[in-house]
Amino acid sequence: MRVVDIIQKKRDQSVLSQEEINFLIDGYTDGSIPDYQMSAFLMSVFFNDMTDEEITYLTMAMSQSGDMIDLSEIEGIKVDKHSTGGVGDTTTLVLAPLVASVGAAVAKMSGRGLGHTGGTIDKLEAIPGFQVEIPNDEFIKLVNESHVAVTGQSGDLAPADKKIYALRDVTATVDSIPLIASSIMSKKIASGADAIVLDVTTGDGAFMKNLADAERLAHTMVRIGKLANRQTMAIISDMSQPLGNAIGNANEIKEAIDALKGDGPADLMEMVYVLGSQMVVLAKKADSLEEARKMLEESIASGQALDKFKEMIRNQGGDDSVVDDPSKLPQPAYLIEVPAKRSGVISKIVADQVGVAAMLLGAGRRTKEDPIDYAVGLYLNKKVGDAVTEGESLVTIQSNREDVADVIEVLYNNITISEQGEEPTLIHEIITE
Ligand code: URA
Ligand code: CA
C-alpha cells in the first residue's frame, strides 16, 4: 500500500477501506508517514468529506493508537458525558455527584481549560486538597465503592489524535465535521465508557457557530458511537452566552454547590436535568426520562446529591467542609462592579469574549503552561433577556488585581443593551439517531 494512492483516492472522492485508513493512521502515529502527506490527506477530507463507515474506521484507528482504558472491573454501565466546549459550563461538576447519587456509575475523565473555555479538572482543583491525578486501580476502586470519581486524562490516550489535531491547527483543517467527530469520539471510546452523552454546543462560545453544523456534528457522532457499539445520544445546546452566572473556578464550585441544593441558575439546572436524565436512562437506572428526572429532583431535594459531592471531595483528598462553608474556597482580593451605561434589555452576551475576559483575570490559560488563579472570575448579574436600569451592575469582577480596565473594556464591548432582547432557546434538539 502507498500513501500517495490513498491521498489520491480521497482527492478523487472515492471511499477508503478500513485497511487503507488503518495504514494511514498507524504510519502517521509511528512517524513513517510524514506531516506533508498527512496534511494533503486532511485537506482532501476537508473538501470531500467521509462516509459514516470511513469516519468510524478513522475513529477506531485513532482510539486504538494508544492506551485503551479498561473499565470492565467497574460494575454496571459506565456513562460518560462530553461537551464540545463552553464558557462557564458548570454542568459536569453538578452531574457527576448527582447522577452517581441515584446509583449510576460515573467514571469521568476530564480535561483542563485552554483559551476562553474552562476545564472541569481545573475547577475541581480550586477545592483545597482535591487530587485529580489518581492511579487507574484507585480510580476503579472509587467508582465501584462510591459510584463516582473524576480524574485528568491519564496515560497515552489516542496519541494519533493528539498529533493530527496539532497538524490540523496549522493546516486550516480544524473545522471539518468528519475530523472533529472522529477526534472527539476516538478519545471517548479510548477512555472506556459503555454509553456516551454528548452536549454539542452552538453559538459564539462554541466550535459550531450555527445550528445546521451542530446538527450534522451531533448526528455524525451519534452514528459513529453506535457503529462502535457504544450507546450514544446528543443534545444540541445554546452557548451564545455563558451558562449559569459564574465563570471561573472557585466561583463555579460555589455555583455547583448551589445547584446541588436545587438553588442554581435556571439554565444550568435545566441542562443538568436534561443531560442527567439521559445518563440515568442509559445507565439503566430508570425506564423513562420522566422517571429519571424525578429521581434526580428527589436526590437534590433530600440532600443526597449534596452528600455525594462531599463524599466525592473526601475520596479525592479534598476538604469537604467547603460545601457547607464556601467562603473556605479561594477568595479574590477585589470585587468590582461593572455598571450598565443605559437602561434597556440585555440582547447579547458574547460567550467566547466573556471567556477571554475571565482568562485576562487569570481564571484561564492563554497557553498550556500558564498557571491558574482559582479565586478570580466573573459573575453575571444579568443574562440575555433581563431588564436593566442605568447604573445597575451587569457583572461583578472577582479579581486579585486592582486595575481591571482591560477586562471592563472587553465586557462593555461584548454585552449589548437594546430596546428589546429575548432569552435564547437553551436546548435546541435531542438526537438519538
Ligand atoms: N475537540 C476535539 O477534541 N477535537 C476537535 O477536533 C474539536 C474539538
Ligand atoms: Ca457557570
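Could you say whether any residue in the stretch 17-28 is under 24 Å from LEU217 (Cβ atoms) and within 16 Å of ligand 2 (Cβ to nearest atom)? No, the conditions are met nowhere in the stretch 17-28. May I ask you to list pairs of residues, at least six apart or on different chains, whose Cβ atoms are under 8 Å apart, with the first in the stretch 236-254 being closer than 20 Å to ASP325 by Cβ and the second being of a type outside the set (A, V, I, L, M) and within 16 Å of ligand 1 (Cβ to nearest atom)? Qualifying pairs under 8 Å: GLY248/GLY118; ASN249/GLY118; GLU252/GLY118. Residue pairs whose Cβ atoms lie under 9 Å apart, separated by 6 or more positions or on different chains, with the first residue in the stretch 338-365 and farther than 14 Å from GLY113 by Cα and the second modelled with pLDDT under 95 and surrounded by fewer than 18 Cβ atoms within 10 Å (Cβ to Cβ), are GLY344/GLN420; VAL345/GLN420; VAL345/GLU422; SER347/GLN420; SER347/GLU422. Where helices (runs of 4 or more DSSP H) sit wholly within the stretch 195-286, those with at least 3 residues that are within 16 Å of ligand 2 (Cβ to nearest atom) and within 15 Å of the chain's Cα centre (by Cα) occupy 266-282.
Taking the stretch 1-46 as the range and being of a type in the set (A, V, I, L, M), over 17 Å from THR173 (Cβ atoms) and in a loop (DSSP other than H, G, I, E, B) as the test, the residues that pass are MET1, VAL15. Please enumerate the residues belonging to the stretch 130-153 that are under 18 Å from the mean Cα position of the chain (by Cα) and either in contact (Cβ under 8 Å) with a residue 60 or more places away in the chain or outside the structural domain of ALA193 (by the TED database) (or both). Hits for the stretch 130-153 are VAL132, VAL148, ALA149, VAL150.
Is it fair to say ALA193 is surrounded by 23 or more Cβ atoms within 10 Å (Cβ to Cβ) and at pLDDT 95 or above? Taking the combined requirement at face value, the residue does not satisfy it. Residues that are among the aliphatic types (A, V, I, L, M) and farther than 15 Å from SER65 by Cβ were ranked within the stretch 151-178; the one that is nearest to ligand 1 (Cβ to nearest atom) is VAL174.
Across the stretch 222-234, the number of residues qualifying as farther than 16 Å from SER191 by Cα and buried (at least 24 other Cβ atoms within 10 Å of the Cβ) comes to 1.
Of all residues in the stretch 84-112, those that are within 24 Å of ILE69 (Cα to Cα) and in a strand (DSSP E or B) have Cβ atoms under 8 Å from Cβ atoms of residues that are within 16 Å of ligand 2 (Cβ to nearest atom) and of a type in the set (Ser, Thr, Tyr), 6 or more apart or on another chain, in LYS108/THR92; LYS108/THR120; SER110/THR92; SER110/THR120.
Filtering the stretch 162-177 for residues that are within 25 Å of LEU227 (Cα to Cα), in contact (Cβ under 8 Å) with a residue 24 or more places away in the chain and touching a Gly at 6+ places or on another chain (Cβ under 6 Å) leaves an empty set. Restricting attention to the stretch 151-190 and to residues that are over 19 Å from THR220 (Cβ atoms), part of a loop (DSSP other than H, G, I, E, B) and out of contact with any Ser or Thr (no Cβ under 8 Å at 6 or more places or on another chain), the residue that is nearest to ligand 2 (Cβ to nearest atom) turns out to be SER154. With respect to being among the charged types (D, E, K, R) and within 16 Å of ligand 1 (Cβ to nearest atom), ARG230 falls outside the description.
Do we have THR90 as of a type in the set (Ser, Thr, Tyr), within 16 Å of ligand 1 (Cβ to nearest atom) and in contact with a strand residue (DSSP E or B) (Cβ under 8 Å, 6 or more places away or on another chain) here? The answer is no for THR90. Evaluating ALA357 against the criteria (1) out of contact with any helix residue (DSSP H, G or I) (no Cβ under 8 Å at 6 or more places or on another chain); (2) outside the structural domain of GLN231 (by the TED database) leaves one unmet condition, (1). For GLY303, the requirement of being surrounded by fewer than 18 Cβ atoms within 10 Å (Cβ to Cβ) and outside the structural domain of VAL407 (by the TED database) is met.
The rows are residues; the columns are (1) within 21 Å of MET62 (Cβ to Cβ); (2) not aromatic (Phe, Trp, Tyr).
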position: PRO128; (1), (2): no, yes
position: VAL132; (1), (2): no, yes
position: PHE139; (1), (2): no, no
position: ASN144; (1), (2): no, yes
position: VAL150; (1), (2): no, yes
position: ASP161; (1), (2): yes, yes
position: ARG168; (1), (2): yes, yes
position: PRO178; (1), (2): yes, yes
position: SER191; (1), (2): yes, yes
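Looking at VAL143 and the list (1) at negative phi; (2) surrounded by fewer than 16 Cβ atoms within 10 Å (Cβ to Cβ), which single condition is not satisfied? For VAL143, the failing item is (2). Which fully enclosed strands (runs of 3 or more DSSP E) of the stretch 320-433 have 1 or more residues being surrounded by fewer than 18 Cβ atoms within 10 Å (Cβ to Cβ)? Where strands (runs of 3 or more DSSP E) fall fully within the stretch 320-433 and carry at least 1 residues being surrounded by fewer than 18 Cβ atoms within 10 Å (Cβ to Cβ), they are 334-339, 344-349, 393-399, 415-418, 427-431.
For VAL274, are the conditions met, namely being among the β-branched types (Val, Ile, Thr), touching a residue at least 24 places away in the same chain (Cβ under 8 Å) and surrounded by fewer than 22 Cβ atoms within 10 Å (Cβ to Cβ)? Judged against the criteria, VAL274 is a match.
Of the residues making up the stretch 287-297, one or more are small (Gly, Ala, Ser), assigned to a loop (DSSP other than H, G, I, E, B), assigned by the TED database to the domain that holds ALA104 and within 24 Å of VAL197 (Cα to Cα).
The values are calculated or read from the model by the stated rules, or taken from the named source; none is laboratory data. Note that the structure is a prediction, hence the values are computed from the model and not measured. For neighbour counting, all protein chains shown are included, and Cβ atoms are generated from backbone atoms with ideal geometry for every residue, glycine included.
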